[in-house]
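The values are calculated or read from the model by the stated rules, or taken from the named source; none is laboratory data. Just so it is clear, the structure is predicted and the values come from calculations on it, not from any experiment. Here the Cβ positions follow ideal geometry from the backbone for every residue, glycine too, while neighbour counts run over all protein chains shown. In case anyone asks, the SASA skips ligands and DNA or RNA and just uses the protein heavy atoms, side chains included. Shrake-Rupley method; radii C 1.70, N 1.55, O 1.52, S 1.80 Å.
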Amino acid sequence: TQLLEQSPQFLSIQEGENLTVYCNSSSVFSSLQWYRQEPGEGPVLLVTVVTGGEVKKLKRLTFQFGDARKDSSLHITAAQPGDTGLYLCAGAQGAQKLVFGQGTRLTINP
Amino acid sequence: GAGVSQSPRYKVAKRGQDVALRCDPISGHVSLFWYQQALGQGPEFLTYFQNEAQLDKSGLPSDRFFAERPEGSVSTLKIQRTQQEDSAVYLCASSRYTYEQYFGPGTRLTVT
């Protein structure tokens, strides 16, 4: 079973600060997704990265896929309380199941 | 359009009881996945269907777990003789292109 390690597992910062969440593995993935999950809800897809070295931006969120397609990062600029939630990375090998990290629980304090 | 729906949203079962969890995928999505999410953890893969064919059931934890999708649309995850360790949120996801999966809200199963 491939493992995806997310760090940090918990992060609590003040509104307006920047942060980066990391997702690392020893395995190569054909694609990697980032999801956000609210309490009592299922994960919601934020972005998919496919090409090694790819960078995607979604408003204040920047996602990067490592050159070797083994790791990824999520950077949030000027965090807002609405960014609070559980962020999950998930790697796909081939066209089937996703392997998820354990998640990063982010709290943005006003 | 409508997203993935799951029912029931919450289920309390006594140990030893059988339960059935339902998933209605997004219309037109041929792939359907079941995941189990323990408290404070990321989801873990259980099984995968392409249309009505179950192509991967490697994540099912025991032979008490059974999933079906007889007409290639709605799917049911059945757990027989539930145990306390089965308590978790069961998530269903569907996709048209397999690497982008759209999740339902989940069913929270509590076994007492």
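So the values come out like this:
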read-out	value
Selection count where residues are touching a Pro at 6+ places or on another chain (Cβ under 6 Å) and open to solvent by less than 10 Å² (accessible area, probe 1.4 Å), scope the range A:47-102	1
Count of residues meeting criterion [within 14 Å of chain A (Cβ to nearest Cβ) and closer than 18 Å to residue B:22 by Cβ] in the range B:58-83	2
Residue pairs meeting the criteria (Cβ under 6 Å; at least 6 apart or on separate chains; first among the β-branched types (Val, Ile, Thr), in the range A:37-53; second part of a loop (DSSP other than H, G, I, E, B))	A:48/B:100
Residue, nearest to the other protein chains (Cβ to nearest Cβ), within the range B:99-111, restricted to residues that are buried (at least 21 other Cβ atoms within 10 Å of the Cβ) and of a type in the set (Ser, Thr, Tyr)	B:99
Count - residues of the range B:1-19 that are open to solvent by 60 Å² or more (accessible area, probe 1.4 Å) and either touching a Phe, Trp or Tyr at 6+ places or on another chain (Cβ under 8 Å) or in a strand (DSSP E or B) (or both)	3
Checklist (1) of a type outside the set (Gly, Ala, Ser); (2) farther than 24 Å from residue A:86 by Cβ; (3) open to solvent by 50 Å² or more (accessible area, probe 1.4 Å); (4) more than 12 Å from the chain's Cα centre (by Cα) applied to residue B:64, failing item	(3)
Failed item, numbered, when residue B:82 is tested on (1) surrounded by 21 or more Cβ atoms within 10 Å (Cβ to Cβ); (2) within 24 Å of residue B:99 (Cα to Cα); (3) in contact (Cβ under 8 Å) with a residue 40 or more places away in the chain; (4) among the polar types (S, T, N, Q)	(2)
Count - residues of the range A:1-46 that are more than 13 Å from chain B (Cβ to nearest Cβ) and open to solvent by 60 Å² or more (accessible area, probe 1.4 Å)	9
Residue list for the range B:67-79, restricted to those being of a type outside the set (Lys, Arg) and either in contact with a helix residue (DSSP H, G or I) (Cβ under 9 Å, 6 or more places away or on another chain) or crowded, with 17+ Cβ neighbours inside 10 Å (or both)	B:67, B:73, B:75, B:77, B:79
Flag for residue A:5 being in contact with a helix residue (DSSP H, G or I) (Cβ under 7 Å, 6 or more places away or on another chain), touching a residue at least 60 places away in the same chain (Cβ under 8 Å) and not basic (Lys, Arg)	no
Entirely in the range A:1-74, the strands (runs of 3 or more DSSP E) that have 2 or more residues that are aromatic (Phe, Trp, Tyr) and on the phi < 0 side of the Ramachandran plot	A:31-37, A:61-65
Test result for residue A:72, under 27 Å from residue B:89 (Cα atoms) and either away from every other protein chain (no Cβ under 14 Å) or at pLDDT 95 or above (or both)	yes
